[in-house]
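The values are calculated or read from the model by the stated rules, or taken from the named source; none is laboratory data. It should be emphasised that the depicted structure is a prediction, and the values quoted were computed from it without experimental measurement. Quick reminder, even Gly has a Cβ in these numbers, built from the backbone with ideal geometry, and neighbours come from all protein chains shown.
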Amino acid sequence: MTKDAVTTWTDAKQPGASSPPSHGKRRMARAMFYTHLWAGLAATGILLLVSVTGILLNHKKALGFMPDVSHVASGEFSDALPMAELTAAAERAVPPEVAAAGVDRIDVRPSRGLMKVRFADRRIMEVTLDIHTGAVLLVGERNDVFLERLHSGEIFGGLWTLLSDAAAVLVLLLVGTGYWLWLYPKTRV
């Protein structure tokens, strides 16, 4: 054994000297790094889409994506007309091809005394009615529906609604691998 080999061996065994990381730890660090890198790249696109559409949806009235009707309730909710009668009034207020597409959803706002009937047509028409008189307050397109469907992933088809779930799982993975990558160098000392 040469003097250099002995010195190197004894230096490594001195208190306070760090020993090289084991092969398993290096492999784990590399796996965590690449998992973090690729999960981060995949999550970035999804999170940007969800974030931008979420911001736009939060301000949809101010941006003019959703028609706003200022209306004060003219009676108690218990005095409202039957929903079937209000829906029929909404169907009469739109062109026949829109009414033929059918009703997609109904939104009742008792405190404001109105009901919104959204149709399943291509343009996404909506009729806003007074729930006590049946008077049509507004007929217009809902421009925010595209954003809602894009935000949820629904626009890409049934399986794509899991897009938000995938983004959430990727964020959890990023947090876990990020903490591991942050703590790993501290375990080497």
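Side notes on the structure shown:
- Qualifying residues in segment 92-108 (those that are more than 30 Å from the chain's Cα centre (by Cα) and free of Cβ contacts under 8 Å to residues at least 24 places away in the same chain) - the one surrounded by the fewest Cβ atoms within 10 Å (Cβ to Cβ): PRO96
- Search result, residues across segment 109-141 that are under 30 Å from the mean Cα position of the chain (by Cα) and acidic (Asp, Glu): ASP121, GLU126, GLU141
- Just one of (1) among the basic types (Lys, Arg); (2) surrounded by 13 or more Cβ atoms within 10 Å (Cβ to Cβ); (3) outside the structural domain of ALA80 (by TED's automatic domain parsing) fails for LYS186. It is (2).
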